[in-house]
Amino acid sequence: MKIKRIAHLGIAVKDLEAPKKLYGENLGLELKGEEVVDTQKVKVSFIKVGETSLELLLPTAPDSPVAKFLENKGEGFHHLALEVEDLHAAVAELKAAGVRLIDETPREGAHGALVAFIHPKATFGLLLELVQSPH
Ligand code: CO
């Protein structure tokens, strides 16, 4: 597969306003808007950092995976997203190689992108998201 760049770093938060103030006002970064991603039960806010982004993740339901993460570990780094050219091909390649996946089939993420998560047991503790942008 071909990895193009680090698409974003996901950060779990309990509130969006305070971190947006930090990144937007104090660090002077560009806020790129918010979106609710129903499939993952989160509201996300993207912050542009050059060619990559920070993705703030706020759970929208108590059974959201991010709500469970916050309960167990508190706020902080949650996942790293790598952009691939062809996500279906990348997932097929990983399955064929026996790499354990959370998503055996790509699903829709924020901004209409296709995403698939690799299991942290397969990545030495790092939750890794593969993303294919819609354009
Ligand atoms: Co993400």
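See the values below:
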item	result
Unmet criterion (only one of (1) in a strand (DSSP E or B); (2) out of contact with any Ser or Thr (no Cβ under 8 Å at 6 or more places or on another chain)) for L58	(2)
Count - residues of segment 74-90 that are small (G, A, S), outside any strand (DSSP E or B) and out of contact with any strand residue (DSSP E or B) (no Cβ under 6 Å at 6 or more places or on another chain)	2
Tabulated pairs, segment 122-135, first under 20 Å from A96 (Cα atoms), second β-branched (V, I, T) and surrounded by 16 or more Cβ atoms within 10 Å (Cβ to Cβ), C-beta under 6 angstrom, 6+ apart or interchain	L128/I118; E129/V115; L130/V84; V131/V115; Q132/V84
Unique match (being touching a Lys or Arg at 6+ places or on another chain (Cβ under 6 Å) and modelled with pLDDT of 95 or more) among L54, L58	L58
Positions within segment 3-14 being open to solvent by 80 Å² or more (accessible area, probe 1.4 Å) and assigned to a loop (DSSP other than H, G, I, E, B), in sequence order	K14
Failed item, numbered, when N26 is tested on (1) surrounded by 15 or more Cβ atoms within 10 Å (Cβ to Cβ); (2) more than 13 Å from the ligand (Cβ to nearest atom)	(1)
Qualifying positions in segment 15-28 - part of a loop (DSSP other than H, G, I, E, B) and more than 16 Å from the chain's Cα centre (by Cα)	D15, L27, G28
Some residue of segment 98-105 being of a type in the set (A, V, I, L, M), more than 15 Å from the chain's Cα centre (by Cα), in a helix (DSSP H, G or I) and surrounded by fewer than 18 Cβ atoms within 10 Å (Cβ to Cβ)	no
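The values are calculated or read from the model by the stated rules, or taken from the named source; none is laboratory data. Keep in mind that this is a model prediction, so the values were computed, not measured. Backbone-built Cβ (ideal geometry, glycine too); neighbour counts: all protein chains shown. SASA here: full protein model, heavy atoms, side chains in, ligands and nucleic acids out. Shrake-Rupley method; radii C 1.70, N 1.55, O 1.52, S 1.80 Å.
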